[in-house]
Structure formats: C-alpha cells, structure tokens
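Presented below is the structure to which this report refers.
Nothing in this text is a laboratory measurement; each read-out follows from the coordinates by a stated rule. Keep in mind the model is a prediction, meaning the values are calculated, not measured. So basically every Cβ, Gly included, is an ideal-geometry build from the backbone, and we count neighbours across all protein chains shown.
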Amino acid sequence: MLRVLDRYLGIPVVAALALLRAFRRRPPPRDIIRIGLLKTAGIGDTVLLSAIVRDIVKDPQVEVYLITGEANAAAAKLIDGVQEVVTLPMTHPLRALSTLRRYRFDVLLDFGPWPRINAILAALARAQHTIGFRTAGQWRHFAYDRIVDHSRAVHEIDNYRRLAEAAGYRSTSAPLLGKGEPVPRALLPMRPFIVCHLWSAGFNGSWKEWGAERWRAVIESLVTGGHDVVLTGGQDDRDATAEFHRELNAASVRVHDLSGKLDLAQTLELLRRSELVISVNTGVMHMAAVVGTPVISLEGPTPVQRWGPIGEHVMPIVSTHPGAGYLYLGWEYEGAPSDTMDGIAAEDVLRAAHAILGDEEAGSPRTRLRARPTPVRLSRVPVHGKEPQERVAGDSSTLAS
C-alpha cells in the first residue's frame with residue numbers, strides 16, 4: 001500500500017516541486033563541509049553504501065551524515081567514519097522532513113533509486129545542492145539539482161559510485177563494516193561453526209527463501225560430517241526458526257538456534273567468527289561477505305549481477321529456473337514466477353560447502369545426500385571494475401572475487 005501511495009501521490013508532488021523551482025538547477029557549493037547520504041531502507045543496501053562512506057571521509061574537511069529509516073539505522077551504525085546516523089520516522093513524513101531540515105546540508109545525495117518520498121524529502125531539505133537518480137519509469141528525478149541515470153546493467157554498488165562521483169568523490173573502495181558487539185559465550189558453539197540464514201525480509205521476501213526440505217538435507221549432511229551449525233534470523237523469524245529447529249531435533253540433527261537472540265551488531269560478530277555462511281540473498285548475506293567470511297549465497301529471483309554478495313570469498317549458487325533473476329529494483333514480482341528458488345539443488349550447495357571447508361567431496365559415504373546429485377550451474381559473479389568471471393559452484397579455486 002505504501003508503495004502504491006508513493007507512486008500515485010509522490011509523482012505529482014515531485015513534479016510540482018520542480019515547477020515551483022522553475023527548473024533552476026543550483027550549483028554545488030564551493031566548499032563542502034556537511035554532506036548527507038540518504039538511504040532510508042535496506043540493510044544490504046546500507047552495507048554497500050559503506051564503500052561510498054570510506055571514500056568520502058578521505059577528505060578531512062568533510063563530515064558525513066548517514067540518513068536512514070528505522071529499519072536500516074542499526075546497519076548504518078556499523079559503518080566507521082560517520083559523523084552521525086540521522087534516523088527518520090518514515091511513516092511520519094512531516095516529522096521526517098522536520099528532522100532533515102535541521103541539518104542544512106551542503107550536499108545531499110539520495111541513494112534510493114525509486115521511492116518518491118525520498119525525492120520529496122531531498123527537495124525540501126534546505127540542502128544547498130541535491131543529487132539523485134533518474135530511474136526508468138519512476139518519474140522522481142525532476143527536483144534534483146543534478147541527475148544521475150540509474151542502470152539495471154550494473155551492480156547496485158556501481159550505481160552508488162556514480163552518484164558519489166557526481167558530487168566529486170571517486171569511489172573505488174570495497175564495502176567495509178566496523179566492529180560488532182560480543183556474542184554471549186553461552187550462546188556460541190564450542191567448535192568452529194557454520195551459519196545458515198534461511199529468511200529474507202522485505203516485500204515478498206518469502207519468494208527469495210529456499211525450501212525447508214532442501215535446508216534440512218544440507219544441514220543434516222553438514223552435521224553428520226562433524227560440523228556445528230547455527231541458525232540465525234530476526235525477531236520476526238523466531239517462530240519459523242523454532243519450528244524448523246524442532247523438526248531437525250526430531251530427526252536427531254542437533255543445531256544451535258540463535259534466531260531473534262542477537263542484535264545486528266552481535267550478528268555481525270557471529271558472522272565474522274563463523275567458518276562459512278550459507279544464506280539467501282538478504283542483508284545478512286552482504287554483512288558476512290564484507291567481513292571476509294566465506295559465503296554461499298542462494299540466488300533465485302535476485303540477479304547476482306545486480307545484487308550479489310561482494311567480498312573476497314563469495315560463491316553464488318544461481319537457480320537453474322528459466323525465469324530466475326528478474327528483479328531490478330526489488331519489487332517486480334507481479335507476473336513473475338514465485339518458485340525460482342526451486343532451481344537450486346541441495347547437492348550443489350553441499351558441494352560448494354565442501355569445497356570451501358576442505359571436506360571430502362559431497363557424495364562420499366560420510367556425507368552423501370539421499371537425493372541424486374545434479375550438474376552444477378555455472379554462475380557469473382560480478383568483479384566490480386572488471387568483466388564478470390565464470391565459475392563453477394564448488395570449485396575452490398574460484399572463491400575470490
């Protein structure tokens with residue numbers, strides 16, 4: 001409903017604001033001291049934005065303010081070098097605008113590619129200069145002082161880099177998060193452990209989730225092979241994780257359920273300490289990738305070229321479903337297949353895990369699955385600034401990207 005209101009009320013408001021300004025484009029100030037980066041949703045998007053922060057703060061005279069919504073504020077607080085995280089109450093636009101106007105930014109960059117409410121806030125924020133995206137079909141760019149075309153042909157971090165360059169900051173750094181918070185020792189396994197993250201938040205998040213039967217097959221094989229497994233999730237995932245945990249216990253598969261028991265900073269530390277993270281495409285996946293933990297990401301509706309994990313040790317497993325990889329901005333589900341995650345075989349995920357962990361090959365007497373293995377799909381992993389590289393899931397020689 002909010003997205004519908006944003007579209008049908010937001011577009012005319014943005015157009016009216018542009019007319020009131022008589023299409024005048026304000027030049028950027030000569031001296032930039034206070035710069036605002038507006039990103040009001042998305043933990044994964046906020047993790048990617050850390051790369052831009054790293055490059056802007058190299059300018060010693062600049063103060064960087066991250067402007068977030070309530071849902072991604074905790075992720076923003078994990079980024080070093082930020083002067084302040086400004087959290088806007090996005091369900092109360094007038095209060096959000098009042099908060100934003102107090103800062104009087106020299107430059108305000110809007111990193112949202114489609115919400116009209118962000119464009120309205122930017123136009124009314126009393127910033128001296130605003131920069132934002134022109135995204136095909138979104139009709140939100142009219143009131144910015146400078147416009148950057150948003151591309152569906154590149155990874156989202158490269159769109160972010162283009163926006164930063166429009167403000168005069170060349171961005172080449174990798175995403176990076178600061179220190180997390182300690183995890184209570186009583187919650188941690190005694191041995192090295194693997195994190196499995198089953199859940200995806202956001203609009204139609206369930207379409208990015210993998211079947212419980214496949215998760216059970218992978219986890220059972222890993223536990224049988226001598227690995228400890230930790231299940232993670234947010235507060236909203238506690239009940240579903242507890243049910244899945246009970247099913248594993250009934251099959252005598254012992255794992256650790258930490259869903260809803262850690263805040264985001266503690267989750268970051270858990271991911272940093274794990275030997276492998278297997279996750280659907282969500283914010284936890286991006287967090288694990290940027291701290292250097294080996295990551296196996298499960299990619300169904302999400303194209304890895306647009307939203308895949310970025311890190312030194314990432315291995316996306318791409319669905320073989322012919323309709324997979326259709327999301328551009330993250331909400332284009334209407335008329336699209338809901339079952340693209342079914343094109344990811346448990347055998348392929350397990351084979352990739354063994355390659356990373358240095359275990360015996362999947363299918364050995366110690367670790368074989370009940371199901372018959374299927375061929376591994378070639379996936380194309382973005383190497384930013386270079387051509388994408390082909391790799392075979394499960395080939396340990398291709399972990400670095």
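Pull out a ≥ b ≥ c, the square roots of the eigenvalues of the alpha-carbon gyration tensor of the range 259-300, then state rounded if a/c is under 1.5, prolate if not and a/b is larger than b/c, and oblate in the remaining case.
oblate
Apply the membrane-span-like helix rule to the chain: whole DSSP H runs, Cα extent along the own long axis of at least 15 Å, mean Kyte-Doolittle hydropathy at least 1.0. List the helices found.
2-20, 43-56
To the nearest µm²/s, what D does Stokes-Einstein give for the range 67-143 at 10 °C and 1.306 mPa s, using the Kirkwood radius over alpha carbon pairs as Rh?
Rounded, D is 122 µm²/s.
Pick the calculated volume of the Cα convex hull per residue in Å³ for this structure from (i) 136; (ii) 277; (iii) 146?
Label (i) holds the value from this structure.
Using a Gaussian network model of the chain with C-alpha springs under 10 Å, which one of GLU334, GLU312, GLU84 is most mobile by mean-square fluctuation?
GLU334
What's the Cα-based Rg to Rh of the range 153-257, Rh via Kirkwood?
Using Cα coordinates only, the ratio equals 1.11.
For the chain, what is the calculated [θ] at 222 nm in deg cm²/dmol (nearest 500), taking -39500 (n - 2.57) for each run of four or more DSSP H residues and dividing by its residue count?
Value at 222 nm, helices only: -9500 deg cm²/dmol.
Most exposed first by the Cβ proxy, i.e. fewest other Cβ within 10 Å, how do THR135, THR46 rank?
Values: THR135 20, THR46 32.
The most exposed by this proxy come first: THR135, THR46.
Between the range 41-101 and the range 201-270, what's the alpha-carbon centroid distance in Å?
Rounded to whole Å, the Cα centres lie 30 Å apart.
Which percent, nearest 5, of DSSP beta bridges in the chain are antiparallel?
Antiparallel: roughly 10 percent of the beta bridges in the chain.
For LYS261, list the lysines whose Cα falls under 27 Å from its own Cα; do not include residues on the same chain fewer than 8 positions away.
Partners within reach: LYS39, LYS77, LYS179, LYS208.
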